[in-house]
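What follows is calculated from the coordinates using simple rules that are stated; it is not laboratory data. Since the structure is predicted, the reported quantities are computational estimates derived from the model, not experimental observations. Cβ coordinates were reconstructed from backbone atoms using ideal geometry, including for glycine residues, and neighbour counts include every protein chain displayed.
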Amino acid sequence: VIKWRKACFQNIYIAPLLVAEPSPPHDIWLFTNLAWQDYAQEYVELYGGIWKRSLEALSCLRRLWNDPEMRTDLERWLEIGRELKKLSESVQTREDNVLENKWRQLIAGCHRFHPARTNPDPVVFPKFPLSSSQQTVGRTSQG
């Protein structure tokens with residue numbers, strides 16, 4: 001179950017697509033393009049048939065996705081993602097140690113959902129100002 005939960009938080013759009021549930025909101029900051037909804041769509045197109053042939057696996061995924069603890073964690077994860085999106089817009093436009101510290105705190109909060117990651121540095125914004133190539137990391141799912 002721990003690995004399945006971790007997988008759900010790697011891309012929060014895959015599980016609801018597989019179990020025909022409403023998709024979480026898209027107005028959040030995502031740590032990588034592999035977490036975007038278009039990647040989830042592609043995943044389901046490629047591997048959805050395998051899932052559909054395993055009704056037991058789909059049933060297990062549906063129970064996990066609808067589990068009250070999972071829903072609470074998802075809501076907190078989405079809240080952090082919304083805060084990171086707002087903050088990323090501010091952080092990208094100016095250098096501000098307070099905002100950067102808030103950014104690091106929120107990223108650390110995300111690591112609760114990704115227990116294998118212990119060092120938040122790989123996903124934080126680099127020092128300011130960002131070059132155009134650096135701005136592609138940590139884009140929102142809306143692009």
Could you check the simple spin-label distance between Asp67 and Ile50, using points 7 Å along Cα→Cβ, in nm with one decimal?
2.2
Cα-based Rg and Dmax for the range 25-91, in Å, come out at 14.8, 46
Of the listed peptides 44-50, 30-36, what is their order by residue-averaged count of other C-beta atoms within 10 Å, with the highest listed first?
30-36, 44-50
Spelling out what I want: for every residue of the range 40-46, take phi, set θ = phi - 60°, compute 6.51 cos²θ - 1.76 cosθ + 1.60 (Karplus), and round to whole Hz; glycine and proline get x.
4, 4, 5, 4, 5, 4, 7
